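The values are calculated or read from the model by the stated rules, or taken from the named source; none is laboratory data. These numbers come from a predicted model, not from an experiment. Glycine also receives a Cβ, built like all others from the backbone with ideal geometry; neighbour counts cover every protein chain displayed. Ligands, DNA and RNA are stripped out before the accessible areas are found, and what is left, the full protein with its side chains, is counted by its heavy atoms. Shrake-Rupley method; radii C 1.70, N 1.55, O 1.52, S 1.80 Å.
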Amino acid sequence: MNIAIVGTGTMGRLVRDMALQNPGIDRVCNIEPALGESLSDVQQPDIVIDFSHPDALDGICRYISAKDGQVGVVFATTGFSAEDKKKIKTLSETAPVIESANFSYGINSMKKIISFAAPLLGDCSDIEIVEKHHNQKVDSPSGTAVALAECCDPLQERERKYGRRGEEKRRNEIGIHSVRAGTIFGEHTVIFALKDEVIEIRHTAFSKTIFAKGAIEAALWLKGKKPGFYPLEEVFY
């Protein structure tokens, strides 16, 4: 299988290095849209893995759309807007697509656990989410924190409260709080605070390799699939 990686930052380089060691991958190329490089500059891949920036989305969509379902794409970039996600869903009508804010097996298992726990605890608890990342991460809150909030409240019955200041009383909401410090790879904690007791569900990443490994697994799984929007859960479970 041949893959093209969009993005030459830390994650783009890590995915490239891991892909080169994978026996199921024959050729790997790496392009950087911020330097004017394009997917059209390289030999056609089977799968594109995007670990770049939301600004690169339109160019990726144009390239993939023109390939009539011959090329799939794994979107691992974070910070996509609601409009961006609509474009990704539209692309899936003509190409096989996987999009996720987090390609860790542990985080995706945590989402399943939260989806089970939330109906049991939601009506009798306050819900808070705290996420921590390194000081170079630009977007806040993390896409993973937003996804965990959706697992806690899939019907959007609670207001999302991003941080707090002032003297406002707590309402029917989910508080989402971001920490940006040092070299923290990633930590997400979902807190269910009941009367006189608290349940916390936490995931801590100790290396970025878990995200690269998941993205490569998704790419290998996606090869040969028909056009469609595939949930990452189908890759892992």
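In the stretch 139-211, carbon and sulfur make up what percent of the accessible area (probe 1.4 Å)?
Roughly 52 percent of what the probe reaches on the stretch 139-211 is carbon or sulfur.
How many nm separate the modelled label positions at Asp17 and Asp196, each set 7 Å beyond the Cα in the direction of the Cβ?
For the pair Asp17/Asp196, the computed spacing is 5.3 nm.
May I ask you to list the lysines whose Cα is less than 19 Å away from that of Lys223, ignoring any residue fewer than eight positions away on the same chain?
Partners within reach: Lys67, Lys89, Lys213.
Calculate, axis by axis, the spread of Cα positions in the stretch 111-154 along the three principal axes, and write the results as whole Å, longest axis first.
37, 18, 14
Just flag the GluC sites (Glu not before Pro) in the stretch 155-237 sitting in loop per DSSP whose Cβ has no more than 14 other Cβ atoms within 10 Å.
Of the GluC sites (Glu not before Pro), the ones in loops of the stretch 155-237 whose Cβ has at most 14 other Cβ atoms within 10 Å are Glu157, Glu167, Glu168.
Per 0.36 nm of contour for each residue apart, how much would the distance between Lys87 and Phe229 grow if the chain were fully extended, relative to their Cα-Cα spacing? Mind dumping the intermediate values first?
Details: separation 142, 0.36 × 142 = 51.12 nm, distance 1.17 nm.
My answer for the length gained is 49.9 nm.
Only Cα pairs within less than 10 Å get springs; with that Gaussian network setup on the chain, which residue of Arg180, Arg165, Arg202 has the largest fluctuation?
Arg165
Spelling out what I want: for every residue of the stretch 106-119, take phi, set θ = phi - 60°, compute 6.51 cos²θ - 1.76 cosθ + 1.60 (Karplus), and round to whole Hz; glycine and proline get x.
Using θ = phi - 60°, the values come out as x, 5, 5, 5, 4, 4, 5, 5, 5, 4, 7, 6, 4, x Hz.
So, with a 1.4 angstrom probe, what is the percent of accessible area on the stretch 82-131 that is carbon and sulfur?
58
Solvent-accessible area of Tyr230, probe 1.4 Å, all protein chains present, reported in Å² to the nearest ten, please.
40
Per-residue counts of other Cβ atoms within 10 Å, averaged by peptide: what ranking do you get for 92-103, 22-33, highest first?
92-103, 22-33
Would you kindly find the accessible area of Leu120, with a 1.4 Å probe and non-protein molecules such as ligands, DNA and RNA excluded, rounding to the nearest 10 Å²?
Using a 1.4 Å probe on the heavy atoms, I get roughly 120 Å².
Under the Karplus relation 6.51 cos²θ - 1.76 cosθ + 1.60, θ = phi - 60°, what is the ordered set of whole-Hz ³J(HN,Hα) values for the stretch 154-166, x standing for Gly and Pro?
Rounded to whole hertz, the list is x, 8, 6, 7, 10, 5, 8, 10, 9, x, 9, 7, x.
To the nearest Å, what is the center-to-center distance of the stretch 96-121 and the stretch 21-70, using C-alpha atoms only?
If you average the Cα positions of each part, the centres end up 26 Å apart.
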